[in-house]
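The values are calculated or read from the model by the stated rules, or taken from the named source; none is laboratory data. This structure is a prediction, so every number in the text was calculated from the model and none was measured. Virtual Cβ from ideal backbone geometry, glycine too; neighbours counted across all protein chains shown.
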Amino acid sequence: MGKSTATAMRAGRHDLRRLLVGADYPPSPPAGPPGRLRRGWDRVRPVLLPALVFALVGLTIAGVQYLTDTRDMPETIAVPLAVGGTLPAVLALSRPLLAWRIGYPLLYLGVLDAQSDEAWPWSPVQIIAFLFVLLVLAARTSLGIATWAGLLSVLPAYLFVRTQANAHGVALLFLAILIVGDQVRRRRQSQQALAEQAERSELEQARRAVLEERTRIAREMHDVVAHHMSMIAVQAETAPYRLAGLPEPARAEFTAIAGSAREALTDMRRLLGVLRSESAAPQTAPQPGLADVPELVEAARRAGMAVTVAAGPAPAEGRPVPEAVGLAAYRIIQEALANAARHAPGTAVRVLLDADDRALTVGVWNDPVGTPGAGGPADSAGPVGHGLTGMRERVRLLGGRLRAGPTDDQGYAVTAHLPYHPEPTPPESPAPEPPDSESPAPEPPGLEPNGRTTR
């Protein structure tokens, strides 16, 4: 008990020192997420500030009038006293401790020439301004500092108020103001904590989306890698029979290669079992590729989409597009078509496939909503998936580049550059992050009559 009492006393002394001579509180940031009220406040604030200044000037004049008429005080004293009474209210929003430090001594000066018949020996304007300072102080500072401010502020009431009942009334009024300010402070802290928790939840959800997409991509890539590993095993096992006259060490080497390939396949199946969730059924169908894009486009057309396809120059003979690149291109086109159908129904959609000997370029553009032939407004309130996240992860896996965002004519475009053999990135210079999904995307390239792209 003694230790807790000493701790409480140290905390009390610290709060008193902070109230009297400590650093002030900076202006508080707006609490809560931006919304209709915040936008309304931003519109009203330029008009509200001049109105507040006008009101303070009016209160100052009213305070001067009260002191000169009621107490017969000369203007040389009434004007500084009235200005000092309203000045703390001006400073309270930006510097609450400084406002209290100015307003509190003026409580002792404000009783000059007070009449014996006055219930309160202060100007009504000064009391209103000081109550506002107490309210802001309690809403901005800690409970200990606000308690010290309330205790010290009640002292002039018991010293200068004529009757004991009125002094008790002042004390109750100050207590009520401090309680209201403390509730405002607690509510603001709760809103800030909720906003921080919501931000952390959004970040965690984004990380979870990336992990889910990477897991799904790894499951899909299993078929591609397993095919190549199976080909290695088969070629290694059949090499001694296809190549006559092989020495015994070479036969043993091929046998070891085949065994290593089959062990790698077994390990991949175990890894796939770890990546697959309990509710996910095993995939038995082969993974799609570039050859399945026409069927995907035809399905979109049957669903009512106006999709056109343009193909660029084909790669050189004997240099087919790798299966991993073809799978990534198929999934990017699939997701882009789904997004166009969801957010821009009825608009024309153009798909570009441009393959050369080093990379595959994929592009999907849709016209802006509201153009002739569009079916209706964009369904921006529809469900949001992990489409762009999946696109980024697929492109990152291949070492390519992705750009997705609105075009100059308010349409939307997704373009991906997928290299066949990306250059390895040195550890000291990590690969750059992909552009933000809202960055402006390029316009679709022009098409020659033969369907090839013009550069």
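Within segment 396-407, no residue that is buried (at least 17 other Cβ atoms within 10 Å of the Cβ) sits with its Cβ atom under 8 Å from a residue that is at pLDDT 85 or above and acidic (D, E) at 6+ positions apart or across chains. Scanning segment 149-176 for residues that are hydroxyl-bearing (S, T, Y) and surrounded by fewer than 17 Cβ atoms within 10 Å (Cβ to Cβ) gives Y158, T163.
Rundown of residues vs (1) assigned by TED's automatic domain parsing to the domain that holds L16; (2) within 17 Å of L20 (Cα to Cα), yes/no style:
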{"site": "P124", "(1), (2)": "yes, no"}
{"site": "S153", "(1), (2)": "yes, yes"}
{"site": "I179", "(1), (2)": "no, no"}
{"site": "R186", "(1), (2)": "no, no"}
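L203 passes every criterion in (1) surrounded by 11 or more Cβ atoms within 10 Å (Cβ to Cβ); (2) in a helix (DSSP H, G or I); (3) among the hydrophobic types (A, V, I, L, M, F, W, C) apart from (1).
Scanning segment 356-389 for residues that are of a type in the set (G, A, S) and at pLDDT 80 or above gives A359, G363. Just one of the numbered conditions (1) assigned by TED's automatic domain parsing to the domain that holds P80; (2) assigned to a helix (DSSP H, G or I) is not true of V111: (2). Residues of segment 322-362 being among the hydroxyl-bearing types (S, T, Y) and touching a Ser or Thr at 6+ places or on another chain (Cβ under 9 Å), which ones? Of everything in segment 322-362, those that are among the hydroxyl-bearing types (S, T, Y) and touching a Ser or Thr at 6+ places or on another chain (Cβ under 9 Å) turn out to be T347, T361.
Would you call M1 modelled with pLDDT under 80 and of a type in the set (A, V, I, L, M, F, W, C)? The answer is yes for M1. Screening the candidates L37, L81, L49, L20 for the property of being touching a Gly at 6+ places or on another chain (Cβ under 9 Å) and either at pLDDT 75 or above or exposed (fewer than 11 other Cβ atoms within 10 Å of the Cβ) (or both) yields one hit, L81.
In segment 317-329 there is no residue matching the filter, namely being at pLDDT 85 or above, within 14 Å of A413 (Cα to Cα) and touching a strand residue (DSSP E or B) at 6+ places or on another chain (Cβ under 9 Å).
Per this entry, P124 is counted among residues that are in contact with a Phe, Trp or Tyr (Cβ under 8 Å, 6 or more places away or on another chain) and under 18 Å from Y66 (Cβ atoms). Yes or no: I145 closer than 21 Å to L67 by Cβ, in the same structural domain as L20 (by TED's automatic domain parsing) and over 32 Å from the mean Cα position of the chain (by Cα)? No, not satisfied.
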